[in-house]
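These notes are about the structure you will find just below.
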Amino acid sequence: FFSSRWDEPRGHLTWSLEEARKLGDLFIQTCSAYNLGRLHMSLRELEEAELRLGEALHGFLGLGNRGSAAFVRAELGVLHLDRGELDRAGDCLREAESVLSALEHALVGGYVQITLAEVELLQGKLDEARRWSQLGLGRVRALQHRVLQGIGLCVEAALEWRSGDSEACSRASAAARELLGDSGWGEGRAMLAVADALAGGEIDREAILGHARAR
């Protein structure tokens, strides 16, 4: 069932990308490459995702669309995070955050800041992780975006756990559960599993950091 449903958008986007290349329509080509890259990300086909996202980044930069290029950089940052390539993830995410902040794009900017907090945490840079976490959570709380608040609190739980404050970790995990308990967003559920495992002391440091990378 799922295979056939995934094949539908893959087929449409691949057709759109190929036809746009033939016609020389850079805008449709770029948008198709971006959406196809996101589809490959969802299927964890990371090599193909990186190729399509790279094509989209090149296209948006060629079109002078800084905002959309920042979206692509953010997606590439998550891809590198998923692979454990933390330096490359941080570079992509910081570039995206700089542009999104300049454009005052609060929602995606907040998501990028929360993800940067996770990258810094995984690198052991706790002060920087806390700074990005507070910035990101402040943004998504102002927007009342429950899922992103929940994901941010999961990162907060991991940060408190890494700082040795098990009570604060449990509080952040409980608050995240209230926000993510009925969410259908896979990333939210994955991050909640991380936070709950940390709060319950059920998983060791290396395993939990690996799980967080592969959210």
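What GluC sites (Glu not before Pro) in region 52-161 are in a loop by DSSP, with at most 16 other Cβ atoms within 10 Å of the Cβ?
Values: sites: Glu55, Glu75, Glu85, Glu95, Glu97, Glu104, Glu118, Glu120, Glu128, Glu156, Glu160; in loops: Glu85, Glu104.
Filter output for region 52-161: Glu85, Glu104.
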Using a simple spin-label model with points 7 Å from Cα along the Cα→Cβ vector, what separation in nm is obtained for Ala190 and Glu18? 3.0 nm
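Add +1 for every Lys or Arg and -1 for every Asp or Glu among the other residues with Cβ under 14 Å from the Cβ of Gly181, and state the total.
Working: positive: Arg146, Arg177, Arg189; negative: Glu178, Asp182, Asp196.
Within the 14 Å Cβ shell, the charges total 0.
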Options (i) 157; (ii) 279; (iii) 118 are given for volume of the Cα convex hull per residue in Å³, and the computed one is (iii)
Could you check the simple spin-label distance between Arg171 and Arg66, using points 7 Å along Cα→Cβ, in nm with one decimal? 3.9 nm
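Out of the total accessible area of the chain (probe 1.4 Å, heavy atoms of protein only), what percent is carbon and sulfur? Walk me through the numbers on the way to the answer.
Values: 5360 of 10620 Å².
Result for the chain: 51 percent of the exposed heavy-atom area is carbon or sulfur.
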Karplus (6.51, -1.76, 1.60) ³J(HN,Hα), θ = phi - 60°, over region 18-24, in Hz, Gly and Pro reported as x: 5, 5, 5, 5, 4, 7, x
Taking placed amide H atoms and a strict 5 Å upper bound, the residues 5 or more places from Asn65 or on another chain that come that close are none
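Count the net charge of all other residues whose Cβ sits under 12 Å from the Cβ of Ala102, scoring Lys and Arg as +1 and Asp and Glu as -1. Please list the in-between numbers first.
Values: positive: Arg66; negative: Glu95, Glu97, Glu104.
Charge balance near Ala102 sits at -2.
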State the extension gain, in nm to one decimal, for the chain segment bounded by Arg83 and Ala106, taking 0.36 nm per residue of separation less the distance between their alpha-carbons. 5.6 nm
C-alpha long axis of helix 126-142 to longest principal axis of the chain, angle in °: 70 degrees
Using a Gaussian network model of the chain whose springs link C-alpha atoms within less than 10 Å, name the residue from Ala56, Ala20, Ala89 with the highest mean-square fluctuation. Ala20
Around Gly90, under 12 Å between beta carbons, what's the net of Lys plus Arg minus Asp minus Glu among the other residues? -4
Return one whole number: the accessible area per residue of the chain in Å², for a 1.4 Å probe. 49 Å²
Between the modelled labels at Ala142 and Glu8 (7 Å from Cα along Cα→Cβ) the distance in nm is 3.9 nm
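The values are calculated or read from the model by the stated rules, or taken from the named source; none is laboratory data. Everything quoted here is computed from the prediction, not taken from an experiment. Backbone-built Cβ (ideal geometry, glycine too); neighbour counts: all protein chains shown. Ligands, DNA and RNA are stripped out before the accessible areas are found, and what is left, the full protein with its side chains, is counted by its heavy atoms. Shrake-Rupley method; radii C 1.70, N 1.55, O 1.52, S 1.80 Å.
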